[in-house]
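Working notes for the structure below.
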Amino acid sequence: MSWNMFSLLNPIVSAVTRSTNVTDESVSDVIDSAAEVTNDAAQEVNQFVQYIEDHIPNIISFGIKVVLALVFFFIGGKVITWIRKIVRRSFERTNMDAGVEQFVDSMLKFGLYALLIFMIATNFGIESSSIAALIASAGVAVGLALQGSLSNFAGGILVLLLKPFAVGDYIVVTQEGIEGTVKEIQIFYTKLATVDNQTVVVPNSILTSNSLTNVTARPERQLDLKVGIGYDSDLKKAKKLILDMLTGDPCVIQDEDVKVFVDSLGESAVVIGLRAWVKTDEYWNTRWRLMEQIKYTFDAEGIEIPYNQITVNVKSEEKTVEI
């Protein structure tokens, strides 16, 4: 390698000597410096090659461990998926609550993958006591950093134990302005589907620290409607028409109380209230249908549904004008 370098440097040195009349001593110094740099570089390359040759067995051993770890992780992932399927099928056979099934599946996935990583780490020669100490110290730090997540985890457990709602229920969290149908109950959060099919992810701690309304907890729900009629309209006729609508509606449960009454005397209308029971899943359709039917029936029977209005009396010396 050094002889080739000298061969390359000789023409350059000769050209420089002819053009600048450099002395023989200067040329010799340049050649010596170039030779030293070349020798140092060659020595470092030789040392690196020697280091690789000396540690080839260790490098091969480490590479084999990495390949085995990847293979083991792949196989372990398949086994975890298989175990989760078995657990889910067992829950389905026992008609387990869907929320409990989702929560347990999420915990099982997290725990099994943590165990798999622990086994792979020990396979690399890391002592289990060292891993346990690392997990303990990391657990304290993570616990302090993830206090909110831990409260969400505790909230998920409370939801499963107390069962304020289940998958499929429609809930309303008034303080947070959140409502929707429960789709999934996970370790840290619950997924809701809104009426317009948007997905809302709600931390479990919010659901356990705020009061909520479970709209669909009962199979039956009461309709509570109010409609106003004019003071000059026939009150008895209006009440009878509404009562006939309720008794003739197929979705109204006739075994329960059906009530039509005067709720209040408003500023510009007599407010009639009506109450009836319907099945929970038919509540909104029945409500919308009855409101429309009341409007059409009152218009056909000449019963006025007034809007807000103000009567002003203007007095003068000659006459009184009423607007």
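Read-outs throughout are calculated quantities, based only on the coordinates presented, and are distinct from any laboratory measurement. Bear in mind the structure is a predicted one, so any value in this text is a computation, not a measurement. Methodologically, a virtual Cβ is constructed for each residue, glycine included, from the backbone with ideal geometry; neighbour enumeration extends over all protein chains shown.
The table below gives the values:
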{"quantity": "Kirkwood Rh, angstrom, segment 165-323 [1 / mean 1/r, Cα pairs]", "calculated": "19.0"}
{"quantity": "Added length on full extension, which subtracts the Cα-Cα distance from 0.36 nm per residue, residue 154 to residue 231", "calculated": "22.0 nm"}
{"quantity": "Rel. contact order, % - alpha carbon contacts under 8 angstrom, at least six apart, segment 173-272", "calculated": "20"}
{"quantity": "Cα centroid separation - segment 242-301 against segment 75-95, whole Å", "calculated": "50"}
{"quantity": "Cβ-derived FRET efficiency at R0 35 Å, residue 262 paired with residue 214, nearest 0.05", "calculated": "0.65"}
{"quantity": "J(HN,Hα) series, segment 224-234, from Karplus relation 6.51 cos²θ - 1.76 cosθ + 1.60, nearest Hz, glycine and proline x", "calculated": "9, 10, 9, 9, x, 10, x, 5, 8, 7, 7"}
{"quantity": "Length gained when the stretch residue 282-residue 314 is fully extended (0.36 nm per residue, less Cα-Cα span)", "calculated": "6.4 nm"}
{"quantity": "Other-chain or far-sequence residues with amide H under 5 Å of residue 262's (modelled H)", "calculated": "273"}
{"quantity": "Length-normalised contact order for segment 253-313 - Cα pairs under 8 Å, 6+ apart - percent", "calculated": "29"}
